[in-house]
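All remarks here apply to the structure that follows.
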Amino acid sequence: ELAGKIPEAGSAYSYASVTLGEYPAFLAACCLTLNYVGSASAVARSWGDKVSVWSEAELGSEHWFSRLCDPWPGSTWNPMAFLVAMGSVTLLLKGVEESKWATNVFTYLKVGLVTFMVVLGAYLGYPDFKANMSPLVPPEFGINGIFRGATSCFFGYIGFDEACCLGGEALDPQRTLPRAVIWTISIVTLLYMAAAVVLTGMQPYVDISGESGFPDAFRAHGVGWAAQISAAGEIITLPIVVLISILAQPRLQWAVARDGLIPQVFAEVDERGNLWKGTLYSGSLMIAVATFVPFGYLDDTISIGILLAFCITNWSVISLRYQTAEDGKHSV
């Protein structure tokens, strides 16, 4: 609804700016910055951890590559997270067209990989599905554990918000943006639910790996080739999430700088139409966080920011409908 009525860059910031005013809008921008930079950092960090786990499992802890992935055991420095974060920012600095091509290719690969893991995992786990899913709510977690898990995975659903943040570059945004939001939410939710159900059906929940869930589950079922495909697929396709997560941040900065709330340097556009400086600044921050901050510290922080930003968005919908009713016009 908001994307159709206010098809501008900035997502929740732009919606709050139009309906609620400057101060709620700036708060929304701060929360979105936490979302975009934080989620990109978290995924980059997760990718670095997965590469390290894969290297130790396949090559051994004494292999030179394994030592490269974790040169100082016990420290928070993650070279692989630095590598993928730097690569994503470098690609964005080259322009949106190159980023769009890479996004399309890796998105198809990622959806195909998730579908492969869900289908094969359902086939392998079907005989033990009922036993592994009982009890449905483990007693040591209870209802509080369900809500805790929901808040932890909350940032997996910010893709549709980023589609709105890129509204200023969409063709016919009033028609395409609402459809993009609906399709994104639907596809991501179905894949997320299917993968979660299948994984918990394949193994007892106490045996599920937090770093390498499906690969370890396939190994437990004796299907080594599927474990290798899953592990390699995650390593190959996960970097695109870093790219997409940080892609929206320069557009958000541009919208806020356009309104004079942050320095105008964030609104500068180069001769190719790219937000080069804004991408460099936000990308540098993301690289630093991904390299030195462990994933566990980023998870809850991102979820809090997203929750608050979405609350502001919902408030904007109510305010917009109220204003529309006062004007005697029909809402979308």
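Tabulated results
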read-out: Residues located in region 112-141, provided they are among the aliphatic types (A, V, I, L, M) and farther than 20 Å from residue 227 by Cβ; value: 131, 133, 136, 137
read-out: Candidates 155, 214, filtered to the one that is open to solvent by less than 50 Å² (accessible area, probe 1.4 Å), out of contact with any strand residue (DSSP E or B) (no Cβ under 9 Å at 6 or more places or on another chain), modelled with pLDDT of 85 or more and among the aromatic types (Phe, Trp, Tyr); value: 214
read-out: Pairs with Cβ under 9 Å, 6+ apart, first in region 304-317 and touching a residue at least 40 places away in the same chain (Cβ under 8 Å), second of a type in the set (Asp, Glu); value: 306/161; 309/161; 310/161; 313/161; 317/1
read-out: Test: residue in region 229-236 that is closer than 20 Å to residue 290 by Cβ and among the hydrophobic types (A, V, I, L, M, F, W, C); value: yes
read-out: Test set (1) among the small types (Gly, Ala, Ser); (2) more than 16 Å from residue 161 (Cβ to Cβ); (3) crowded, with 24+ Cβ neighbours inside 10 Å; (4) in contact with a Ser or Thr (Cβ under 8 Å, 6 or more places away or on another chain) - residue 39 fails condition number; value: (2)
read-out: Whichever residue in region 170-185 is open to solvent by 70 Å² or more (accessible area, probe 1.4 Å) and outside any helix (DSSP H, G or I) and, among such residues, is farthest from residue 111 (Cα to Cα); value: 172
read-out: For residue 61: the one exception among (1) out of contact with any Leu (no Cβ under 9 Å at 6 or more places or on another chain); (2) crowded, with 21+ Cβ neighbours inside 10 Å; (3) polar (S, T, N, Q); value: (2)
read-out: Any hit, region 86-106, residues being over 30 Å from residue 261 (Cα atoms), out of contact with any strand residue (DSSP E or B) (no Cβ under 6 Å at 6 or more places or on another chain) and among the hydroxyl-bearing types (Ser, Thr, Tyr); value: yes
read-out: Subset of region 111-152 [of a type in the set (S, T, N, Q), modelled with pLDDT of 85 or more and either in contact with a strand residue (DSSP E or B) (Cβ under 8 Å, 6 or more places away or on another chain) or open to solvent by less than 60 Å² (accessible area, probe 1.4 Å) (or both)]; value: 132
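The values are calculated or read from the model by the stated rules, or taken from the named source; none is laboratory data. Here the structure is a predicted model, which is why all the values come from computation and not from measurement. For neighbour counting, all protein chains shown are included, and Cβ atoms are generated from backbone atoms with ideal geometry for every residue, glycine included. Note: areas computed on protein heavy atoms with side chains; ligands, DNA, RNA excluded. Shrake-Rupley method; radii C 1.70, N 1.55, O 1.52, S 1.80 Å.
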